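A short write-up of the structure that comes next.
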Amino acid sequence: MKRIAFPAGTRLFRLIAALILFGTAATLLVATPSTRPAYGGILRVQKSGRVVTLDPRQWPSDSIRAAETEQLASLVFDRLVRLDDHGVTQPALAVSWQHDMQAKRWQFRMREGAKFADSTPLTPETAALALQQLLGNEFDVSATSDSVVILADHSLPDLPAQLATGRYFIFHSAADGTLFGTGPFRVTEWPAGDASTKVILTANESCWAGRPFVDGIEITLGVDLQKRANVIAFGQADVVDLPASQVRLVGQRGVRTASSDPVELFALQFDLVRPAVQDARIREAISAAVDRASIADVVLQRQGVPAGSLLPNWLSGYAFLFPTALDLPRTKELLTAIGRKVSRAAPLVLVYDSGDDEARAVA
């Protein structure tokens, strides 16, 4: 579960639905019922993560970096299709789509009148060129007078869902190499190097989905936890992302918080190359000894849910079969069965990402 925070009394600007700041990391900011949304202002955001580039052709292989990049890129670029809150594919730059009986040939009819942030018209040819670079040689992407056609030598029943996530943004490259999108914002300042961490996005006046209410967003990347907590408490930022373990503390300083649904999973991954954990009973013993309830209630300030399986029950239907309660008698029983003593003489090494505030707290 992710948290955002904003100081009490701060005037917030309503953002259009396409402008959910950081996907699962933040919620839609809405003006209070007693006020009407007004144009103008700069939304000041501070985040812990770093993003090297928004170029979809240089997508990070690391899943965490990819998620951070996708959150920012969605403010600048659009895809052919999008996923709604229920995971259903909805139109975006493509207004409709169809496929042949084998789902090997897909045709996406493009939206008319959409333009990139530099006023270049969106055409099927431009969209096809962008997607060909992202999909690779396994696909044949071409354009008709009003559509983008994607061909493959194998069935692609889930192609729209694939194109609605990840790197598959539609972009236009200017003569100097600058990338433009059709999203609600355009990039006007990007970090020149490690010393600079500030990104400035300016409202795209010609966005097909409508101009965003704010004039721009100022995003500072790579901000450590203590500074984020301080700037939000003293009104030096409008939105920051905070680990769940900090919710109660910042709340005591007059900061209001909002959260998304649980979207992150913390799990122990055993290195089976290590002899100490090759026995399945050892791994089960460790699992039974994890106090998930205390982690969720104390460390994560009741902003997490104990889990015993990789997928939640609402998605898999069988998560309830995996125990989540602390069971030390079971741990001792398993260790006794394999001749291991409950001792600190042979510790196991736990590795975690020290740059992740929540991972460090849980570890």
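Can you find a residue that is of a type in the set (Gly, Ala, Ser) and modelled with pLDDT of 85 or more anywhere in segment 254-267? Steps first, please.
Pass one, segment 254-267, residues of a type in the set (Gly, Ala, Ser): 254, 258-260, 267.
Narrowing further to those that are modelled with pLDDT of 85 or more: 267.
The answer is yes, given that some residue of segment 254-267 is of a type in the set (Gly, Ala, Ser) and modelled with pLDDT of 85 or more.
Modelled with pLDDT under 95, outside any loop (DSSP other than H, G, I, E, B), surrounded by fewer than 19 Cβ atoms within 10 Å (Cβ to Cβ) and among the polar types (S, T, N, Q) - does that describe any residue in segment 63-85?
yes
Residue-by-condition table, conditions (1) under 23 Å from the mean Cα position of the chain (by Cα); (2) among the hydroxyl-bearing types (Ser, Thr, Tyr); (3) surrounded by fewer than 14 Cβ atoms within 10 Å (Cβ to Cβ):
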site	(1), (2), (3)
GLN226	yes, no, yes
GLY235	no, no, no
ARG248	no, no, yes
LEU268	yes, no, yes
ALA285	no, no, no
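Just to be sure, is ASP279 among the acidic types (Asp, Glu) and over 19 Å from ALA361 (Cα atoms)?
Criteria met by ASP279.
Could you please find all residues in segment 178-208 being within 21 Å of ALA114 (Cβ to Cβ), surrounded by fewer than 17 Cβ atoms within 10 Å (Cβ to Cβ) and in contact with an Asp or Glu (Cβ under 9 Å, 6 or more places away or on another chain)?
The first filter runs over segment 178-208 and keeps only residues within 21 Å of ALA114 (Cβ to Cβ), leaving 178-188, 201-208.
Within this subset, residues satisfying the condition of being surrounded by fewer than 17 Cβ atoms within 10 Å (Cβ to Cβ) are 178, 188, 205-206.
THR178, the sole residue that qualifies.
Could you list all residues from segment 232-258 that are out of contact with any Lys or Arg (no Cβ under 8 Å at 6 or more places or on another chain) and within 19 Å of GLU358 (Cβ to Cβ)?
Matches in segment 232-258: ILE232, SER245, ARG248, LEU249, VAL250, GLY251, VAL255.
Can you tell me which residue within segment 184-205, out of those that are farther than 15 Å from TYR39 by Cα and assigned to a loop (DSSP other than H, G, I, E, B), is modelled with the lowest pLDDT?
Taking segment 184-205 and keeping what is farther than 15 Å from TYR39 by Cα, we get 186-201.
Cutting the leftovers down to assigned to a loop (DSSP other than H, G, I, E, B) gives us 190-197.
Numbers: TRP190: 91, PRO191: 83, ALA192: 74, GLY193: 62, ASP194: 54, ALA195: 49, SER196: 53, THR197: 85.
Among residues in segment 184-205 that are farther than 15 Å from TYR39 by Cα and assigned to a loop (DSSP other than H, G, I, E, B), the one modelled with the lowest pLDDT is ALA195.
Among the residues of segment 61-111, how many are touching a residue at least 12 places away in the same chain (Cβ under 8 Å) and more than 20 Å from THR165 (Cβ to Cβ)?
Counting residues in segment 61-111 that are touching a residue at least 12 places away in the same chain (Cβ under 8 Å) and more than 20 Å from THR165 (Cβ to Cβ) gives 5.
Of the numbered conditions (1) of a type outside the set (A, V, I, L, M); (2) farther than 21 Å from ILE64 by Cα; (3) not assigned by TED's automatic domain parsing to the domain that holds GLY222, ASP353 fails exactly one; give the number of that condition.
(2)
Helices (runs of 4 or more DSSP H) wholly in segment 242-348 with at least 1 residues that are in contact (Cβ under 8 Å) with a residue 12 or more places away in the chain, of a type outside the set (Ser, Thr, Tyr) and not assigned by TED's automatic domain parsing to the domain that holds LEU225 - which ones?
By residue number, 280-288, 328-337.
Is it the case, given these coordinates, that PRO329 is surrounded by fewer than 16 Cβ atoms within 10 Å (Cβ to Cβ) and under 20 Å from the mean Cα position of the chain (by Cα)?
On the way: surrounded by fewer than 16 Cβ atoms within 10 Å (Cβ to Cβ): yes; under 20 Å from the mean Cα position of the chain (by Cα): no.
So PRO329 does not fit the description; no.
Provide a single number: the residues in segment 202-213 that are in contact with a helix residue (DSSP H, G or I) (Cβ under 6 Å, 6 or more places away or on another chain) and over 18 Å from ILE170 (Cα atoms).
Total meeting the criteria: 1.
The values are calculated or read from the model by the stated rules, or taken from the named source; none is laboratory data. The model shown is predicted, which means the values in this text are computed figures rather than measured ones. Using ideal geometry, Cβ is built from the backbone for each residue, glycine included, and neighbour counts are taken over all protein chains shown.
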